[in-house]
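K.L.:
First the structure, then my questions, so here it is.
The values are calculated or read from the model by the stated rules, or taken from the named source; none is laboratory data. Small disclaimer: the values here were computed from a predicted structure and weren't measured. As a convention, Cβ positions derive from the backbone with ideal geometry for all residues, glycine included, and neighbour counts pool all protein chains shown.
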Amino acid sequence: MSFLEVLYFIIPTSIAYAAPLILTAIGGVFSERSGVVNIGLEGLMVMGAFIGIIFNLAYADVFGSWTPWIALLVAMLVSAIFSIMHAVASVSFRANQVVSGVAINMLGIAIALFSVKMLYGKGQTDFIQNKIPRINIPILQDIPILGPMFFKSVYGTSIIAIAVAIIAWFVIYKTPFGLRLRSVGEHPMAADTMGINVSKIRYTAVIISGGLAGIGGAIYSQTMTGDFGHATINGQGFMALAAMIFGKWHPIGAMGAALFFGFAQTLAISAGSIDIDFIQKIPTVYFHILPYVLTILALAGFIGKANAPKANGEPYIKGSR
């Protein structure tokens with residue numbers, strides 16, 4: 001296998017693995033830019049993955065090839081609603097946001113697995129027949145070298161994820177809503193003084209976070225696994241959280257970090273089939289632990305100095321200083 005052939009395999013696969021992380025990480029950016037810590041991304045992804053598979057299995061005969069795409073929208077809606085619990089606890093009741101996020105993680109997997117057991121009588125669902133397809137982008141796929149790497153046999157969701165990252169950057173940094181979002185996350189009292197409804201902005205941001213994480217989970221289950229079980233979303237939400245921190249709470253930075261984690265996951269699954277001497281000499285187990293080691297390093301703050309929004313994690317009480 002030539003080096004170019006390795007790139008033709010690794011790059012599209014890395015982007016495919018990164019797509020769910022990109023969307024979930026950007027959801028985290030919205031939430032934490034508003035001042036609400038959201039470590040419940042894992043639970044929100046689990047809910048999205050579960051709903052995506054259940055809907056796909058139930059309505060494949062009705063919607064045909066459109067089923068996985070409609071499943072993404074349904075997963076987005078359900079996870080957005082599910083995230084309201086975190087918003088209520090964090091914003092209205094001013095509960096500890098980390099504890100609330102942990103509760104979302106535990107509740108998400110508990111509800112999903114209990115429902116699977118009740119519906120299928122076993123620990124995992126059946127496999128779906130209508131997965132998200134790979135596509136070739138006309139004209140662009142014919143570009144020498146770059147075409148096969150980026151535009152041939154790619155998932156449509158990979159393109160959507162990159163587009164969402166660009167749109168999120170524009171919304172956060174170039175629109176009035178984005179200015180309000182950032183002001184609430186940096187100095188909520190000053191924002192309140194200027195007439196900005198702090199609670200409304202934070203609720204909106206957390207719900208957006210839930211919706212994007214739900215899409216991320218549904219993408220992962222409908223592209224990578226094809227079913228739902230206890231290990232379908234196995235730390236993906238925490239990788240997305242790490243990507244958000246690694247990306248310095250910036251949509252484009254989070255996308256870059258997610259692509260890096262996607263590359264690490266690709267190495268973990270394909271290292272044994274890459275016919276390059278120095279890769280073959282490295283024990284496979286090292287590649288399997290690499291994504292999680294990188295996640296721990298990013299979350300621990302060892303990779304670069306990451307400064308969160310100043311009011312991140314701090315409940316706002318109207319009239320307080």
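K.L.:
Return the only residue of 36, 78 being in a helix (DSSP H, G or I), under 16 Å from residue 209 (Cβ atoms) and over 12 Å from the mean Cα position of the chain (by Cα). Show your work before the answer.
P.N.:
Values: 36 fails: in a helix (DSSP H, G or I).
Just a single option satisfies the conditions, and that option is 78.
K.L.:
Go through (1) free of Cβ contacts under 8 Å to residues at least 60 places away in the same chain; (2) buried (at least 24 other Cβ atoms within 10 Å of the Cβ) for residue 55 and report which single condition fails.
P.N.:
All conditions are met except number (2).
K.L.:
Does residue 197 fit the bill of being without any contact (Cβ under 8 Å) to a residue 40 or more places away in the chain, closer than 25 Å to residue 109 by Cα and either surrounded by fewer than 24 Cβ atoms within 10 Å (Cβ to Cβ) or within 21 Å of the chain's Cα centre (by Cα) (or both)? Even if it seems obvious, please write down each step before you answer.
P.N.:
Numbers: without any contact (Cβ under 8 Å) to a residue 40 or more places away in the chain: yes; closer than 25 Å to residue 109 by Cα: no; either surrounded by fewer than 24 Cβ atoms within 10 Å (Cβ to Cβ) or within 21 Å of the chain's Cα centre (by Cα) (or both): yes.
The answer is no for residue 197.
K.L.:
Give segment 163-194 a look and list any residue that's in contact (Cβ under 8 Å) with a residue 40 or more places away in the chain and surrounded by 18 or more Cβ atoms within 10 Å (Cβ to Cβ), or say none.
P.N.:
Within segment 163-194, the first condition is being in contact (Cβ under 8 Å) with a residue 40 or more places away in the chain, and the residues that meet it are 164-166, 168-169, 172, 181-182, 184-189, 192.
Scanning segment 163-194 gives 164, 165, 168, 169, 172, 181, 182, 184, 185, 188, 192.
So that you can scan it fast, the table gives a plain yes or no per residue for (1) touching a helix residue (DSSP H, G or I) at 6+ places or on another chain (Cβ under 7 Å); (2) under 21 Å from residue 11 (Cα atoms); (3) at pLDDT below 90:
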{"site": "230", "(1), (2), (3)": "yes, no, no"}
{"site": "234", "(1), (2), (3)": "no, no, yes"}
{"site": "241", "(1), (2), (3)": "yes, no, no"}
{"site": "248", "(1), (2), (3)": "no, no, no"}
{"site": "251", "(1), (2), (3)": "yes, yes, no"}
{"site": "256", "(1), (2), (3)": "no, yes, no"}
{"site": "266", "(1), (2), (3)": "yes, yes, yes"}
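K.L.:
Continuing with the same structure: Which of the residues spanning segment 120-138 are modelled with pLDDT of 95 or more and assigned to a helix (DSSP H, G or I)?
P.N.:
Matches in segment 120-138: none.
K.L.:
Let me ask something else about it. Among the listed residues 63, 50, which satisfies the condition of being of a type outside the set (A, V, I, L, M), free of Cβ contacts under 8 Å to residues at least 60 places away in the same chain, over 30 Å from residue 318 (Cβ atoms) and in a helix (DSSP H, G or I)? Spell out the reasoning first.
P.N.:
Working: 50 fails: free of Cβ contacts under 8 Å to residues at least 60 places away in the same chain.
Checking each option against the conditions leaves just 63.
K.L.:
On to the next question. Restricting attention to segment 173-182, which residues are within 24 Å of the chain's Cα centre (by Cα) and assigned to a helix (DSSP H, G or I)?
P.N.:
Initial filter on segment 173-182 (within 24 Å of the chain's Cα centre (by Cα)): 173-175, 177-182.
173, 174, 177, 178, 179, 180, 181, 182 - these are the residues of segment 173-182 that are within 24 Å of the chain's Cα centre (by Cα) and assigned to a helix (DSSP H, G or I).
K.L.:
Residue 195 versus (1) part of a loop (DSSP other than H, G, I, E, B); (2) within 27 Å of residue 270 (Cβ to Cβ); (3) of a type in the set (Gly, Ala, Ser): which is the lone unmet condition?
P.N.:
(2)
K.L.:
For segment 1-18, what are the residues that are under 23 Å from the mean Cα position of the chain (by Cα) and more than 11 Å from residue 254 (Cα to Cα)?
P.N.:
9, 10, 11, 12, 13, 14, 15, 16, 17
K.L.:
Among the residues in segment 221-228, are any at pLDDT 90 or above, crowded, with 22+ Cβ neighbours inside 10 Å, part of a helix (DSSP H, G or I) and not hydroxyl-bearing (Ser, Thr, Tyr)?
P.N.:
Among the residues of segment 221-228, at least one is at pLDDT 90 or above, crowded, with 22+ Cβ neighbours inside 10 Å, part of a helix (DSSP H, G or I) and not hydroxyl-bearing (Ser, Thr, Tyr), which makes the answer yes.
K.L.:
Now a separate question. What is the residue count in segment 237-270 for residues that are not basic (Lys, Arg) and not in a helix (DSSP H, G or I)?
P.N.:
Step one: of segment 237-270, the residues not basic (Lys, Arg) are 237-247, 249-270.
Imposing the further condition that a residue be not in a helix (DSSP H, G or I) reduces the set to 247, 249-250.
Going through segment 237-270 one residue at a time, the tally reaches 3.
K.L.:
When the residues of segment 74-94 are narrowed to those that are surrounded by fewer than 17 Cβ atoms within 10 Å (Cβ to Cβ) and in contact (Cβ under 8 Å) with a residue 40 or more places away in the chain, which ends up farthest from residue 37 (Cα to Cα)?
P.N.:
77
K.L.:
Restricting to segment 229-273, give me the number of residues that are in contact with a Gly (Cβ under 6 Å, 6 or more places away or on another chain), over 18 Å from residue 43 (Cα atoms) and surrounded by 24 or more Cβ atoms within 10 Å (Cβ to Cβ).
P.N.:
3
K.L.:
Which is surrounded by 15 or more Cβ atoms within 10 Å (Cβ to Cβ) and of a type in the set (Lys, Arg), of 152, 122, 117?
P.N.:
Of 152, 122, 117, the one residue that is surrounded by 15 or more Cβ atoms within 10 Å (Cβ to Cβ) and of a type in the set (Lys, Arg) is 152.
K.L.:
Can I ask one more? List the number of the failed condition for residue 5; all other conditions in (1) at pLDDT 95 or above; (2) farther than 18 Å from residue 161 by Cα; (3) part of a helix (DSSP H, G or I) hold.
P.N.:
(1)
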